[in-house]
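Chemist: First the structure, which I've put down as structure tokens, then a few questions once you've had a look.
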Amino acid sequence: MTLVNSVLEPVSLTSVADLDRVWDQFGYTGRHDRTRAELESVLAILPRLRTLLTADRDEAAELVNQMLSEAQAVPQLRRHGDFDWHIHAVDQDAALDTRILVETAMAMIDVIRADELSRLTVCADGTCEALVLDLSRNRSKRFCSTTCGNRNAVAAYRARQR
Ligand SMILES: [Zn+2]
Ligand SMILES: [Zn+2]
């Protein structure tokens, strides 16, 4: 789910250095060109990922199928570095945008099969567009960040004081 989380976070991704930071932060492996073209190709897929992550279950299933066949994904077990056997559906030397798309699609397979799409929502803050992945047992996570959560707690507190 690391890759899904990375696109859920409101990451500011405007430079090659930003992409490098995301790369380190989320422990990506494999090909990484560190070029403007790579950054632009990653930025270009973000709207598609957002569409996938906010789609209803049936739509999401179709989008996942589309993404996987487009990338000619073939699930293979791989073991590298500190990572024990896990699935890669495209080669490590495929372009980064393709790998992000495919890994997100692969992660969504589990979410769709388990019918857990309700765990993916848009932040409850009225001015925030960030996606929220709620993995808590009681599904209590409504805000993308503590910043949004706190801002709303303060607003609610003030409203009660009036
Ligand atoms: Zn791997
Ligand atoms: Zn938010």
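Chemist: Please give the contour-minus-distance gain from Tyr157 to Glu59: 0.36 nm per residue of separation, less the Cα-Cα distance, rounded to one decimal in nm.
Modeler: The Tyr157-Glu59 span can extend by a further 31.4 nm.
Chemist: What 222 nm value per residue comes from the helices of the chain, counting each DSSP H run with n ≥ 4 as -39,500 (n - 2.57) and dividing by all residues, nearest 500 deg cm²/dmol?
Modeler: Mean residue ellipticity at 222 nm (helix-derived): -16500 deg cm²/dmol.
Chemist: Between Arg50 and Asp110, what length in nm is gained on full extension when 0.36 nm per residue of separation is reduced by their alpha carbon distance?
Modeler: Working: separation 60, 0.36 × 60 = 21.60 nm, distance 1.72 nm.
So the extension gain works out to 19.9 nm.
Chemist: Here's a follow-up. Heavy-atom accessible area of Glu40 with all protein chains present, probe 1.4 Å, nearest 10 Å²?
Modeler: Counting only protein heavy atoms, Glu40 exposes about 100 Å² to solvent.
Chemist: Can I ask one more? Give the carbon-plus-sulfur fraction of the accessible surface of the chain in %, rounded to a whole number; probe 1.4 Å, heavy atoms of protein chains only.
Modeler: Whole-percent figure for carbon plus sulfur exposure: 50.
Chemist: Looking at the chain, which Cys residues are left with no other cysteine's beta carbon under 4.7 Å from theirs?
Modeler: That list is Cys148.
Chemist: So what is the accessible area of the range 112-159 per residue, in Å², with the probe set to 1.4 Å?
Modeler: 66
Chemist: At a Förster radius of 35 Å, what calculated FRET efficiency corresponds to the Cβ-Cβ distance of Arg119 and Arg36, to the nearest 0.05?
Modeler: According to the calculation, E is roughly 0.50.
Chemist: Please work out whether the range 13-82 counts as rounded, prolate or oblate from its C-alpha gyration tensor, where a ≥ b ≥ c are the square roots of the eigenvalues and a/c under 1.5 means rounded, while otherwise a/b larger than b/c means prolate and anything else oblate?
Modeler: Oblate.
Chemist: OK, next. Taking the Cβ-Cβ separation of Thr14 and Asp93 as r and a Förster radius of 35 Å, what is the calculated FRET efficiency to the nearest 0.05?
Modeler: It comes out at approximately 0.85.
Chemist: Determine the order of Glu129, Glu116 by accessible area, beginning with the largest, at a probe radius of 1.4 Å. Show your work: numbers first, answer last.
Modeler: Details: Glu129 130, Glu116 55 Å².
The ranking, largest first, comes out as Glu129, Glu116.
Chemist: Provide Rg over Rh for the chain; use the alpha carbon set for both Rg and the Kirkwood Rh (inverse mean inverse pair distance).
Modeler: Rg/Rh for the chain comes to 1.01.
The values are calculated or read from the model by the stated rules, or taken from the named source; none is laboratory data. Treat the numbers as computed from the prediction; the structure is a model and nothing was measured. Because the Cβ atoms are built from the backbone with ideal geometry, glycine has one as well, and the counts that use them run over all protein chains shown. Note: areas computed on protein heavy atoms with side chains; ligands, DNA, RNA excluded. Shrake-Rupley method; radii C 1.70, N 1.55, O 1.52, S 1.80 Å.
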